[in-house]
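One structure is given here, and the rest of the page talks about it.
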Amino acid sequence: MRITALIKRICQQMLRDKRTLALMFVAPLLILTLMYFLFNGNTVEPKLGVVGVDSSLVKAFKDADIKVKEYETVTKDTVVDDDLNGLLQQEDGTMELTLQNDDPSSAKGLQAKVNQTVSALAQAKLIQQNPAIAGMMPKKIETNYVYGNKDTVFFDVLSPILVGFFVFFFVFIISGIGLLRERTTGTLERLLSTPIQRGEIVTAYLIGYGMFAVIQTVIVVFYSITVLDIVLVGSIWNVLLINLLLALVALSLGILLSTFAASEFQMMQFIPIAVIPQIFFAGIFPLEGMANWLQVIAKVFPMYYAGDALRGVMYKGYSVSEISGDLMALVVFAALFILLNIFSLKKYRTL
């Protein structure tokens, strides 16, 4: 009887907690659905620019599911400016392949396709019957890289994003649970009984928790670069700037969501909705292959901009001016969450 009574009490408690029920039954379905669309996106055909390449080879590239764009002349910035995966130039019987290498896995795939297509065409019966064309097929293709080198692996692109994500995740958790404790212990209610303004409370919490967030961010960044030897092509100060802005976003978001939680357990329930999707849209998975509506959704997550900026600075060596759009987006997110924090305190006191 006593066991039955306890079971009945637990069931009643769970049925009264609608948020917990939603977490158990709805959140897994949302995450699984998101992953389904992410991993079942359309395969993106690589884009290859060609200069001076024979028309029969261009046709062979297209048959190999490579998007080909023909040029008369190119500059050293053509690959990046036109967002090409690679640029193949043929001159005097030699071929030079320049890979953007912003995604090492895709770059190696394109390189393999190009080599295979050239070799297959050189060995085809049509080529054997036409010595003039056969002589244009080089035995070896010289390969250059815009970013990284032949030893670059996918983790070199992934690691900058992970640095930002861990800063975001831990600052979000610490700030959210910290303010939640202030509420559950009655500290916030006592503060609200004084003439202090809501904006002053939010500012104080942001600065207070922000100081520890800054320390954590500096430790994570310097440890990643100096101890783990994560790739860094650009300035470390730009990396710190991005992560500090991201920490401010996580701090203000954590404080905001904590106002809607009644316990630490309920605060943790926001992770599947507010945190986990961030990693999917941070650039780890190619956005180009996603459905258009998913690409739109990706742009409402702060990690989308932070991941783009961190990868640009750490892997590609971008300057502040080249990531200014991403930085501005993070500032807008932080300002929005701070304003919402001020309004959310109305539920505790109307000033």
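The values are calculated or read from the model by the stated rules, or taken from the named source; none is laboratory data. Treat the numbers as computed from the prediction; the structure is a model and nothing was measured. We place every Cβ from the backbone using ideal geometry, glycine too, and count neighbours over all the protein chains shown. The area values use the complete protein model at the heavy-atom level, side chains included, leaving out ligands, DNA and RNA. Shrake-Rupley method; radii C 1.70, N 1.55, O 1.52, S 1.80 Å.
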Where does each of 308-317, 104-113 land if you order them by average Cβ count within 10 Å, highest first?
308-317, 104-113
Sorted by chain and number, the residues with a modelled amide H under 5 Å from that of N144, at a separation of 5 or more or across chains, are L97, T98, L99
Would you mind getting me the FRET efficiency between T226 and L34? Use the beta-carbon distance for r and R0 = 51 Å, nearest 0.05.
0.90
Counting only protein heavy atoms and using a 1.4 Å probe, what share of the accessible area of the range 206-247 belongs to carbon plus sulfur, as a whole percent?
78
Would you kindly state how much longer the chain becomes between E70 and E264 on full extension, computed as 0.36 nm times their sequence separation minus their alpha carbon distance, in nm to one decimal?
64.0 nm
Taking 0.36 nm per residue of sequence separation and subtracting the Cα-Cα distance, how much length would be gained by fully extending the chain between W293 and T4, in nm to one decimal?
99.2 nm
I need the calculated FRET efficiency for the pair S55 and E142, taking r as the beta carbon distance and R₀ as 25 Å, to the nearest 0.05.
0.70
For the range 261-344, which whole-number percentage of the solvent-accessible area (1.4 Å probe, protein heavy atoms only) is attributable to carbon and sulfur atoms?
72
On average, how much accessible surface per residue is there in the range 200-273, in Å², for a 1.4 Å probe, leaving out ligands, DNA and RNA?
45
Expected vector for the range 148-155, Karplus 3J(HN,Hα) from phi with 6.51, -1.76, 1.60 and θ = phi - 60°, integer Hz, x for Gly and Pro, equals x, 8, 5, 8, 5, 10, 4, 5
What FRET efficiency comes out for the pair I342/S321, r = Cβ-Cβ distance, R0 = 22 Å, nearest 0.05?
0.10
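Listed here are the pairs K47/K140; K76/K113; K67/K113; which of them are more than 19 Å apart at the Cα?
The pairs that break the limit, which is 19 Å between Cα atoms, are K47/K140; K76/K113.
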On a full-extension model of 0.36 nm per residue, what is the gain between F166 and I215, subtracting their alpha-carbon distance, rounded to one decimal in nm?
16.3 nm
